[in-house]
There are 4 protein chains.
Amino acid sequence: MQHFASDNYAGICPEALDYMVQCNGSGHEQAYGDDRWTARVCDRIRALFEHDCEVFFVFNGTAANSLALASLCQSYHSVICHELAHVETDECGGPEFFSNGSKLLTVKGDNGKLTPDAVERTITRRSDMHHPRPRVVTLTQATEVGTVYRPGEVGAIAEVAKRHGLKVHMDGARFANAVASLAVHPADITWRAGVDVLCFGGTKNGLAVGEAVVFFDRALATEFQYRVKQAGQLASKMRFISAPWLGLLDNDVWLRNARHSNAMARLLADRLRTIPGVRIVFPTEANAVFAEFPPQAADALRASGWRFYDFIGAGGARLMCAWDTEAETVERFAAELRTFCQAA
Amino acid sequence: MQHFASDNYAGICPEALDYMVQCNGSGHEQAYGDDRWTARVCDRIRALFEHDCEVFFVFNGTAANSLALASLCQSYHSVICHELAHVETDECGGPEFFSNGSKLLTVKGDNGKLTPDAVERTITRRSDMHHPRPRVVTLTQATEVGTVYRPGEVGAIAEVAKRHGLKVHMDGARFANAVASLAVHPADITWRAGVDVLCFGGTKNGLAVGEAVVFFDRALATEFQYRVKQAGQLASKMRFISAPWLGLLDNDVWLRNARHSNAMARLLADRLRTIPGVRIVFPTEANAVFAEFPPQAADALRASGWRFYDFIGAGGARLMCAWDTEAETVERFAAELRTFCQAA
Amino acid sequence: MQHFASDNYAGICPEALDYMVQCNGSGHEQAYGDDRWTARVCDRIRALFEHDCEVFFVFNGTAANSLALASLCQSYHSVICHELAHVETDECGGPEFFSNGSKLLTVKGDNGKLTPDAVERTITRRSDMHHPRPRVVTLTQATEVGTVYRPGEVGAIAEVAKRHGLKVHMDGARFANAVASLAVHPADITWRAGVDVLCFGGTKNGLAVGEAVVFFDRALATEFQYRVKQAGQLASKMRFISAPWLGLLDNDVWLRNARHSNAMARLLADRLRTIPGVRIVFPTEANAVFAEFPPQAADALRASGWRFYDFIGAGGARLMCAWDTEAETVERFAAELRTFCQAA
Amino acid sequence: MQHFASDNYAGICPEALDYMVQCNGSGHEQAYGDDRWTARVCDRIRALFEHDCEVFFVFNGTAANSLALASLCQSYHSVICHELAHVETDECGGPEFFSNGSKLLTVKGDNGKLTPDAVERTITRRSDMHHPRPRVVTLTQATEVGTVYRPGEVGAIAEVAKRHGLKVHMDGARFANAVASLAVHPADITWRAGVDVLCFGGTKNGLAVGEAVVFFDRALATEFQYRVKQAGQLASKMRFISAPWLGLLDNDVWLRNARHSNAMARLLADRLRTIPGVRIVFPTEANAVFAEFPPQAADALRASGWRFYDFIGAGGARLMCAWDTEAETVERFAAELRTFCQAA
């Protein structure tokens, strides 16, 4: 049975699995990333972004974000993020741990998004040594509430950051969904808009495990491999983390997967919008739908076997669509919710 | 072409890959370890050890060791290890990073092994607050130089540790090789001998990625899942890390893999021993052979395409056999070395 | 010229300085706290609190709070504090640094004070491993805005904390001011009300340097001396940190100093309240007055040589009175402000 | 009674105490180092070194060394030090804690001193990411065993360090003793010889508390004040840490104090050398004497009330002379030891 609890309930997409099997058949390979598969994937990512970026693979999103931020910060620095950002709410203090104490300065903003003004106010609020010095702005793209930043929005925030000497990090656990939603070139919402480091998510897009940390500013990547190693994020059999990315990159499967999950979210939103008693909370721009409905309906859905999360901090249920979510699942969920809402 | 550089040059063994493919076909699964596959593997590991242990999966050995040690230590504690231990020489300061400063106190010992006397001397050498307080003894089983601790040796060290209030950790990156070599029950060199926490290596035994941290003392595992999460070691699609363990555990494939790599190492040692100019440095008890031979021969081997490491700190070449090392590869390497030694 | 910028603009009170001079005349003393002066002060603090507490001396308040919190927390834990707490706003990430990542969960509350309900909501909001686990509630007494918690208020918060398994820490940088203000026994707002650890401030009360960390629950103090040493907070010539406390404790000089600074704050508030255009923002219960007045008046005061801080986060000027603040200074400041307000 | 246990058994020298008293009489002063006294001392230290260095004051030597090293290192870096260095043996893991994991790579060397060759071997032994990357060489001047580095020795080590891109740190807890012993200009064994950062010890030279961190390369001091603040090392009433340095610097009292303690050590060594059964272990070049004598004599001395430390790692007793050690004390100790050795 499929669920809407998380896009990581889904498995490995066939193209990625094929590469895992294929690279297992190629005999002994050098370890720790010195293999041919990893070199090939890195080149492909450089081609994708049309930029000579530096690429590293780590195991998951918490590590990708935390290591990237730690590489940009000293312990007495701070990171400006939206109050609903994953780094703030769902990484169990990972960024603080990896950086040995860098503080997250949270900012409010509509639809899960930072604004240039709010960022600037936070940067300039304090400038004394008794408060951690702002050093990075981090954007989540797509956001935790399923919205996306337009290229101009990214650029405007990056401009503020750069003007004050800050770096720009992008948590792209659902970067594919953002690119698919905006129908832009991936460079247009990253380095061309001022992003220095992107954590490019693979897991939610159809991999078993593994995210790419992409440094558009190569100088920032100096010695990053030591950091990755020390933090227990260097895969010995690296090819099994990297090669499956070829499955995503060939024929733009990553975009196909993202377009599909986005489409399923739109379908779900469309269906829910027609149900009396249901309210869609945020614009549905990526693969998430946030909906409020009667608690009795939520209980009934769960009793019926459905799994989904309440969204702490924003109200309602968070419903995530994955690369493999079927339209039939969406229709069935909507139908059951309609029934339960009528009964409520 | 196969190499002797590292047992992690090898790929995934077929039984493990089968489970990865199989669990991918089972539809949506709960994330972060709340899936059926992970529960099943944990039960199987408990059955294997005949103990109600607590089991966690993390991505690699550096993380497994570092997190286990960090869970046993505060920052001002110290960890007693052999001077050639992986935690000391090859984890880039991972244990110090995860623990925020716990110091490794290194001890010399023949054949890469600690002795009870040396451990006790290190424990009792200082007892003032100006020196990190000893809190853990860590054993590597099999050791970094391809030897193994007998059950009585583990027990004697653990006895010293416990008498002084220390915990016992075992780095079992090659635990399977040790069990296969000793032909003992896995419990006999772990909890029955006084080991509190085992890092049970899967990667070198035929997995793509993933090690199990096994707490025989469940009280020590309290809140360990938070530590794993914060440190970026919690797999969202956990089943792809855990399910392949079933491939190792079914029909004792883990022991079959280990016996094979051990046998290849013995074969290699036997062949090398007959070559004039070659000296075997350590007893060949697991899947490693350490051999000294003329530098010209080493250069010639590398020019011929072979990859292997010098063993810094112990002299000579480190030759590792993997679960898939073929006898033909061993024979060919030995024959080439013989030729190059004659020429030297 | 005296200022209202901070109570740490003041120097050493004569009684404390006398002890510093006196203990310097007593010849060689054992280092690192094994001296007779330190033992004597610890006994005096135990007598003061009527409790067999464990006492440590560290150099300043950031260290006292951060070390105490780090001793109660693992890196994946969280600390619940008021959003205006010093640990959150003015220690440059010290608590996160010392604990290697423990997160501060901030709570709003009137007059700079936590309430039991708000604390309980924060404790129970999340219980999954993706969010740092609440482990400590920290109260600031007197608060950052010059108010004080009544014994019953401390007790009610501690009751909530204990019910959920949390510890209670008190930042007592101005503990003396709170005791003087409430006219209670110091035990009544600490261990009798459920406080586990108190950081008892000496610097703002008339010392040159040094705060006492008082563990009412001795079990929590296990190995704390190692933590102090590792963190660079162990004074070698400890007697010069500890002995001056005798100057504060003899004849209740600490209370006399606190009563004086509290009285000066009340005088200042009384005077300001009568000036048209000035608004007192928080109840004046300790040695701080928070006042809003026209920006032109603030500028004029500063041009006239006065130093004081804007209070970021709460509005207005923060005016602190010290153990040596003279009534004449208060009157002169008020008179000048009156003039400048009339001109504004 | 005076002892030879540690030079920090001594108190505050009169000139330093005078400044503490004097600056207490000067009324309110700005906090956190923005006072006139601190500015004055910083200028004096710049004049002393004939260099436009950046100066910070922290509370003790562990903090000074650890903060300086942390400012030079990332967590995955390593610090090369002598195996008897204080940072390795007596700071309870402080450097590892402040740096979040930087590893100390210890080097053997006669008379407690590093040699250029040994340093270079350690730098070049490993260059892979599995081992912490060497980033700093730290010298202790005077060393832990009471010897001193000549200007040429410092320069030769610094040359090796710089050639490999490493920075040079000097632990100068007894820097005064080294300068006095060598009769050189302080610049000649610091920046002119290639030292980047000096921890200039005040406590053992006659202060109550406080060490200066002197950055000869100002670029390395960027944001160091944030690091100091976050680590709980920023004194609010800074003038009481800084002003007493004027007592040391006026009329070269720091050198007078050091010359005296050095002279007392030479006197002690001269006396001990004539006692049958006593062996002086290291050259007596600063204020320490290391002597081997019969255990019965050591026991008898302690029974007679004398305090001194065994020197773990080097054998024998460590006998430290302080700025106030009296010749009479030396003669009495030597006489008693002579008696006890005859009896042994």
Residue in segment D:283-290 that is charged (D, E, K, R) and more than 17 Å from the chain's Cα centre (by Cα) present: no
Residues (out of contact with any Ser or Thr (no Cβ under 8 Å at 6 or more places or on another chain) and either over 28 Å from B:Pro186 (Cα atoms) or aliphatic (A, V, I, L, M) (or both)) located in segment B:24-50: B:Asn24, B:Gly25, B:Ser26, B:Gly27, B:His28, B:Glu29, B:Gln30, B:Ala39, B:Ile45, B:Ala47, B:Leu48
Any hit, segment B:1-22, residues being free of Cβ contacts under 8 Å to residues at least 12 places away in the same chain, facing chain A (nearest Cβ under 8 Å) and open to solvent by 40 Å² or more (accessible area, probe 1.4 Å): yes
Test: D:Glu326 is closer than 13 Å to D:Phe4 by Cα and either open to solvent by 60 Å² or more (accessible area, probe 1.4 Å) or touching a Gly at 6+ places or on another chain (Cβ under 9 Å) (or both): yes
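Please go through segment D:145-179 and give me each residue that is assigned to a loop (DSSP other than H, G, I, E, B), without any contact (Cβ under 8 Å) to a residue 60 or more places away in the chain and either more than 15 Å from the chain's Cα centre (by Cα) or surrounded by fewer than 19 Cβ atoms within 10 Å (Cβ to Cβ) (or both), ordered by number.
D:Arg150, D:His164, D:Gly165
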Any hit, segment A:53-72, residues being on the phi > 0 side of the Ramachandran plot and touching a His at 6+ places or on another chain (Cβ under 7 Å): no
Qualifying residues in segment D:127-144 (those that are touching a residue at least 60 places away in the same chain (Cβ under 8 Å) and in contact with a strand residue (DSSP E or B) (Cβ under 6 Å, 6 or more places away or on another chain)) - the one most open to solvent (accessible area, probe 1.4 Å): D:Arg135
Test: D:Leu268 is under 19 Å from D:Arg174 (Cα atoms) and more than 19 Å from the chain's Cα centre (by Cα): yes
In segment D:180-190, the residues that are without any contact (Cβ under 8 Å) to a residue 60 or more places away in the chain and either assigned to a strand (DSSP E or B) or open to solvent by less than 20 Å² (accessible area, probe 1.4 Å) (or both): D:Ile189
Selection status of D:Ala16, small (Gly, Ala, Ser), out of contact with any Lys or Arg (no Cβ under 6 Å at 6 or more places or on another chain) and assigned to a helix (DSSP H, G or I): yes
Residue within segment C:288-306 that is in contact with a Cys (Cβ under 9 Å, 6 or more places away or on another chain), at pLDDT 95 or above and farther than 30 Å from A:Thr124 by Cα present: no
Of all residues making up segment B:199-215, the number that are surrounded by fewer than 24 Cβ atoms within 10 Å (Cβ to Cβ) and among the acidic types (Asp, Glu): 0
Looking only at segment C:88-110, and only at residues there that are more than 8 Å from chain A (Cβ to nearest Cβ) and acidic (Asp, Glu), the one that is farthest from A:Lys103 (Cα to Cα): C:Asp110
Segment A:199-215 - residue that is within 21 Å of B:Thr62 (Cβ to Cβ) and not in a loop (DSSP other than H, G, I, E, B) and, of those, farthest from the other protein chains (Cβ to nearest Cβ): A:Ala212
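The values are calculated or read from the model by the stated rules, or taken from the named source; none is laboratory data. What you are looking at is a predicted structure, and each value in this text was computed from that prediction instead of being measured. So basically every Cβ, Gly included, is an ideal-geometry build from the backbone, and we count neighbours across all protein chains shown. Surface accessibility is based on the protein's heavy atoms, side chains included, excluding ligands, DNA and RNA. Shrake-Rupley method; radii C 1.70, N 1.55, O 1.52, S 1.80 Å.
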